[in-house]
1. Can you grab the distance from the C-alpha centre of region 226-295 to the C-alpha centre of region 441-486, Å, no decimals?
2. Are there trypsin sites (Lys or Arg not before Pro) in region 101-131 that DSSP marks as loop and that have at most 16 other Cβ atoms within 10 Å, and which are they?
3. At a threshold of 8 angstrom on Cα-Cα distance, excluding pairs fewer than six apart, so keeping six or more, what relative contact order does region 281-467 reach in percent?
4. List the GluC sites (Glu not before Pro) in region 134-243 that DSSP assigns to loop (not H, G, I, E or B) and whose Cβ has at most 12 other Cβ atoms within 10 Å. Which are they?
5. Per residue, how much accessible surface does the chain expose to a 1.4 Å probe? Answer in Å², no decimals.
6. Report the GluC sites (Glu not before Pro) located in region 286-341 that are in a DSSP loop and have at most 16 other Cβ atoms inside 10 Å of their Cβ, or state none.
7. For the chain, what does the helix formula give at 222 nm: sum of -39500 (n - 2.57) over DSSP H segments with n ≥ 4, over the residue count, nearest 500 deg cm²/dmol?
8. With a 1.4 Å probe and all protein chains left in place, how much of the accessible area of region 199-264 comes from carbon and sulfur atoms, in whole percent?
Amino acid sequence: MAKKLKIVFASSEIAPFSKTGGLADVLSALPKALARVGHDVKIITPFYRQTKKANLDIKKFSKKVFVQLGDRVIEGDIATTKLAENLEVLFVVKDEYYDRDDLYQTPQGDFRDNAERFIFFSKAILSTLEELELKADILHLHDWQTGLVSALLKNIEINNPFFSKTRTVFTIHNLAFQGLFWHYDMHMTNLPWEVFTPEGIEFYGKMNLLKSGLVYSDILTTVSQKYSLEIQTPEYGCGLEGVLVKRSKDLYGIMNGVDEEEWNPLKDTFISNRYSVNDLRGKIECKKNLIQEFKLNLDPGRPLIGMISRLTDQKGLDILSEAIAPILAENAGFILLGRGEEKYHRFFQELQAKYPQQVGLKLDFDIPLSHKIEAGCDFLMMPSRFEPCGLNQIYSLKYGTVPIVRATGGLDDSIENFDPKTLQGNGFKFKDYSAEALLAKTKEALEIYRNSSLFKEIIKNGMKDDLSWEKSARRYEEVYNRALKK
Ligand code: ADP
């Protein structure tokens, strides 16, 4: 191993304590991978109602944090548990902010005090480090909820010797979520107004917490090579492409991996039968089980397409909505697990009512079911408009479920279109963001499905891919060492 580092992760989500998406999975797996190779790793995260419900062994510390928000001082508690051997998680406990049914929003919209909730969290991260005398070499921050930390370090804490050796790495998991708030919220940061400029954290008159991470962190990373290039263009840059071009020398794309403790068809306790690349019989049983669970009338010899997703525009649901009827006309089954925008809930409810024998639907967040879908389907659909990394397609590869994806971000990096001549490739990939391209590619995939020996080749190619976190963790080590040279 290279030099042993003190690494502190800070994130608004970490599985199994809290989760709305891929961020939580990464924040559980990457710290574990780094701790395994001998680094001293800790994680700081809020203590939510979800965390309480997870019913894990969490102890409240006698220590407290006192956070200055404007001219108020807000008190919080610190709690702790172990995520793995040598891996401690520190929770910032403040029920007034985090003891709610959801993490960021209700179906009616974002919580109105999100600025306060995550300015508090960002400041509490630094207070926790000081209170517990944790001098980190690397403070690894994730997404807008922790973006402010870098601005605080480079401005308010600039002369604080406690942080003088700490370097920041900021990872963009999704550039579309920026933590944009009106400038009246600036006072809670206690930052000088000089940082409220286009070169700092201002974004068209608003305060942009993600931008704070982009501007003030020592190193930036994002979760695939392709996305690191895409976000430097107007099409994918969400208005921040200029900032990212400016910082392109410090920006690295590192693909996420698969946490094999969570996602492994040989060990998965959520699925009805276990299987491996050498013996796929269990997968067929999982498929029958899934068909039964959704009460579909589908011959198990017919193709079954699954989707597990936040139901938002990002995920390509508009083009899928157009293409789904002709896909069903190919006599395929379709199962969707997801939650999100009302318009998509309605669309898929109507679809399910129209095709009750072919379409299974669960509008919920259901982790055990997500495993059953990964195991029981033949295909996984991800026609995303943009996708920083995407995790379900790499879980699918592990489960012998063939991804049908649009060539964007991490989907483009992880999926190679199958070529029946060379037998190379682990999935199906289309370029244009259109219902036509999605439909044509799905038809091609269904055609190959009919040739079972050919289809097995794709399954094997995917299941043999190296998707381990170890590979990605080594790249993060390199990036940390670059940050330390700053
Ligand atoms: P994003 O982070 O944009 O939502 P990713 O593909 O990176 O997308 O990660 C999504 C993660 O959330 C995966 O682990 C996926 O299985 C999980 N997930 C998404 N929707 C659901 C759901 N409705 N129920 C259970 N898990 C879900």
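1. One Cα centre to the other: 9 Å.
2. Qualifying residues, ordered by number: Arg112.
3. 21
4. Here the sparse-neighbourhood loop sites are Glu199, Glu235.
5. In whole numbers, the chain has 42 Å² accessible per residue.
6. Here the GluC sites (Glu not before Pro) that fit, given the DSSP loop and packing criteria, are Glu330, Glu341.
7. That calculation yields -11000 deg cm²/dmol at 222 nm.
8. Accessible surface attributable to carbon and sulfur in region 199-264 totals 53 percent.
The values are calculated or read from the model by the stated rules, or taken from the named source; none is laboratory data. Owing to the predicted nature of the structure, the values given are computational and were not obtained by experimental measurement. Reconstructed Cβ throughout: ideal geometry from the backbone, glycine too, with neighbour counts over all protein chains shown. Side chains are part of the model used for accessible areas, which takes the heavy atoms of the whole protein and leaves out ligands, DNA and RNA. Shrake-Rupley method; radii C 1.70, N 1.55, O 1.52, S 1.80 Å.
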